[in-house]
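Undergrad: Here it is, the structure in full.
The values are calculated or read from the model by the stated rules, or taken from the named source; none is laboratory data. Please read these numbers as outputs of a predicted model, since none were measured by experiment. Virtual Cβ from ideal backbone geometry, glycine too; neighbours counted across all protein chains shown.
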Amino acid sequence: MKKIFHHFIAHLMPVLVFFVLCGSVDAQDPDGGYVSRKEYEELKQQMLALKKELESIKKEKTVAAQPAASPVPPAAGPSKQIAEPIPSLEDLALGTTKFHIAGYAESTFEAQNRSISSFEASFNPIFLWELTPKLLFESQIELSLGEGGTDVELEFAQMTYLLNDYITLGVGEFLAPSNVFVERFQALWINKLPDRPLAVYDGILPEKIVGAEIRGGFPLGPLRANYAFYVSNGPKLITDDPSAAGMLDWDNFADNNDDKAVGGRVGLFLPVAGLEAGYGFETAKPGDQGTPFAHVRSWLHSVDLNFTRDCDFLKGRIDLHAQYAWTRVDHAVFDPTGALGFGPLSFSNKRDGGYAQIAYRPTKVDVDFLKNFEAIFRWDHLNHAPGGPGAIDEERWTIGLDYWVGPSTALKLAYEWDNPHGQPNTNAFLAQAVMGF
Amino acid sequence: MSSKLNRRYPALIAPVLFAIAGFCWEALAEPKRSIKPENESSGTADMQLSGEELWTMNCQRCHNIRPPTMYSNAQWDVIVHHMRVRANITGQEQRAIVEFLKSSK
């Protein structure tokens, strides 16, 4: 009986609780548990608004969670991330200074008459570091393969300051402004043939110098002029080498006297667009201090003409560069006592040489494939001092064909007729792949 | 030696004549080139050339031009700064070129 009573109570309790709860709900809702149409619509609108906001938060949270798209640290809450614009990666990564690596890499094959054919390669990074909008440091290193391993050479390392719109000051090691080929065209992704011209490269003109310079450009009526003047350590006069006496050693980075070389170049953009003429010079006392050669003076002069123009008539671009240079060293007697075994030696110490190059690229023809080809023709030569020691005069004629894979990436082929005076020819076939970046 | 040179002179003369022909043709056609008024744009510089004209003229003088999209804005700032020093362009031209490159992306 007791058991039946407990079973009855167990079933009765939920029913009692149900009625109690129903009574409680009725007491809190004066409308009898029903909502009006107006209230229903308001609640519906509120629910839709909440749903929309939730979706928006979820979307922002998903974007913020992606690491590549969000360089900022996680914010305190989703609402804060929505309120604040996300800075770009570039803004956060670079800070106030700007850095860039440019330069080029190349690989060349050369098969020359009377020489062993070979491959070679080099990597030439240029580091550009802009500390402020006016202050720039730039440096190029050449890494190339030599017989003993990797050769490292500092091509330039210079700090420049933009004084105003027309004047720039620079100090350090820089490419010789008096030699326009070295300053503008020597990089192999710019130079259209696989090798560089005689005389202006590894020849009778300076390439890199240590000193200070002032340079810039300015309008000159309808024309525009540009200039660069410098003071540098200057060249060294070679006096004790029987095969090079009287020549100038341009890699005179540790100066051999207190005299400093002075040089520069002035260029003028002529009224015909794309045409520039320039004149470069340098004078120095290259002899060792305290020797009979200390007062010997050297001079160099260089003239250049550059023309680049898209030409509708020829359906392409014409590119013409020419440069010719003369060097002269005052009269001197080398090995005057004959102690070095090649003197006394005296001669007219004058050298000259240069090049002319013309290139044509059919950039305006209808066939896309042809637009990437460029044909090049170059003449270059070098005359050494008559009666002097050293290398013999040389003249070359070169034809080349480039295929431009990109604006600064090219495959080059060239054949060179090389005629050292009084010697068998050293004609050469050259192939090169180069990539500028 | 001289006979070899004599044979090669026509090879030298031919491309030179080719260039001169194109040069003369373009020189005669020069007035067709548009020169913008001085106050047309803030991106103009010396000789009233636009940033695009200055970019083409100054860069193509030595090498192929690279598309504006190739580098970021910060990289163009450094590159054009470097080229201003190397090519002796004026500050006004530098600003016009940078402005053009950044707006062309």
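Undergrad: Restricting attention to segment B:55-82, and to residues there that are crowded, with 21+ Cβ neighbours inside 10 Å and more than 7 Å from every other protein chain (Cβ to nearest Cβ), which single residue is farthest from A:TYR166 (Cα to Cα)?
TA: Step by step, filter segment B:55-82, then rank; the result is B:TRP76.
Undergrad: Taking the condition under 18 Å from the mean Cα position of the chain (by Cα), at pLDDT 95 or above and within 8 Å of chain B (Cβ to nearest Cβ), does A:THR160 pass?
TA: When the stated conditions are applied, A:THR160 passes them.
Undergrad: In addition: Scan segment A:135-146 for residues that are modelled with pLDDT of 95 or more and more than 9 Å from chain B (Cβ to nearest Cβ) and jot them down.
TA: A:LEU135, A:PHE137, A:SER139, A:GLN140, A:ILE141, A:GLU142, A:LEU143, A:SER144
Undergrad: Here's another thing I want to ask about it. Filter segment A:93-134 down to residues that are away from chain B (no Cβ under 13 Å), part of a strand (DSSP E or B) and either more than 21 Å from A:GLY149 (Cβ to Cβ) or of a type in the set (Asp, Glu) (or both), then give me how many there are.
TA: Residues meeting the conditions: 5.
Undergrad: On to the next question. If we keep just the residues of segment A:372-393 that are within 12 Å of chain B (Cβ to nearest Cβ) and in a strand (DSSP E or B), which is surrounded by the fewest Cβ atoms within 10 Å (Cβ to Cβ)?
TA: Checking each candidate, the answer is A:ALA375.
Undergrad: Can I ask one more? Pairs needed: first member in segment A:388-407, free of Cβ contacts under 8 Å to residues at least 60 places away in the same chain; second member anywhere, surrounded by 20 or more Cβ atoms within 10 Å (Cβ to Cβ) and assigned to a loop (DSSP other than H, G, I, E, B); C-beta distance under 6 Å; at least 6 residues apart or different chains.
TA: A:ALA391/A:HIS384; A:ASP393/A:HIS384
Undergrad: Moving on. Looking at (1) touching a residue at least 24 places away in the same chain (Cβ under 8 Å); (2) part of a strand (DSSP E or B), which one does A:TYR415 not meet, given that it meets all the others?
TA: Of the numbered conditions (1) touching a residue at least 24 places away in the same chain (Cβ under 8 Å); (2) part of a strand (DSSP E or B), the odd one out for A:TYR415 is (1).
Undergrad: I would also like to ask the following. What is the residue count in segment A:313-335 for residues that are in contact (Cβ under 8 Å) with a residue 60 or more places away in the chain and aliphatic (A, V, I, L, M)?
TA: So the answer is 3.
Undergrad: Name every residue in segment A:97-131 that is among the hydrophobic types (A, V, I, L, M, F, W, C), closer than 19 Å to A:GLN158 by Cβ and buried (at least 16 other Cβ atoms within 10 Å of the Cβ), in order of residue number.
TA: A:ALA102, A:ILE126, A:LEU128, A:TRP129
Undergrad: Exactly one condition in (1) in contact (Cβ under 8 Å) with a residue 60 or more places away in the chain; (2) farther than 30 Å from A:ARG396 by Cβ; (3) surrounded by 21 or more Cβ atoms within 10 Å (Cβ to Cβ) is not met by A:GLY287; state its number.
TA: Looking at each condition in turn, A:GLY287 falls short on (1).
Undergrad: Checking the condition surrounded by 21 or more Cβ atoms within 10 Å (Cβ to Cβ), out of contact with any helix residue (DSSP H, G or I) (no Cβ under 6 Å at 6 or more places or on another chain) and on the phi < 0 side of the Ramachandran plot, which residue from A:SER178, A:SER243 passes?
TA: Unique residue meeting the criteria: A:SER178.
Undergrad: Please specify each residue of segment A:269-284 satisfying the condition of being more than 21 Å from A:ARG184 (Cα to Cα) and in contact (Cβ under 8 Å) with a residue 40 or more places away in the chain.
TA: Scanning segment A:269-284 gives A:PRO271, A:ALA284.
Undergrad: Another question, if that's okay. Which residue pairs have Cβ atoms under 8 Å apart, sit 6 or more places apart or on different chains, and have a first residue in segment A:210-230 that is in a loop (DSSP other than H, G, I, E, B) and a second that is modelled with pLDDT under 95?
TA: A:PRO222/A:PRO271; A:PRO222/B:MET47
Undergrad: Kindly list, by first and then second residue, each pair from a residue in segment A:189-200 that is among the β-branched types (Val, Ile, Thr) to a residue that is crowded, with 22+ Cβ neighbours inside 10 Å and assigned to a loop (DSSP other than H, G, I, E, B), limited to pairs with Cβ atoms under 9 Å and residues at least 6 apart or on different chains.
TA: Matching pairs, first to second residue: A:VAL200/A:ASN179.
Undergrad: Another question, if that's okay. When you scan segment A:345-355, do you find a residue that is among the hydroxyl-bearing types (Ser, Thr, Tyr) and modelled with pLDDT of 95 or more, even just one?
TA: Yes, segment A:345-355 contains at least one residue that is among the hydroxyl-bearing types (Ser, Thr, Tyr) and modelled with pLDDT of 95 or more.
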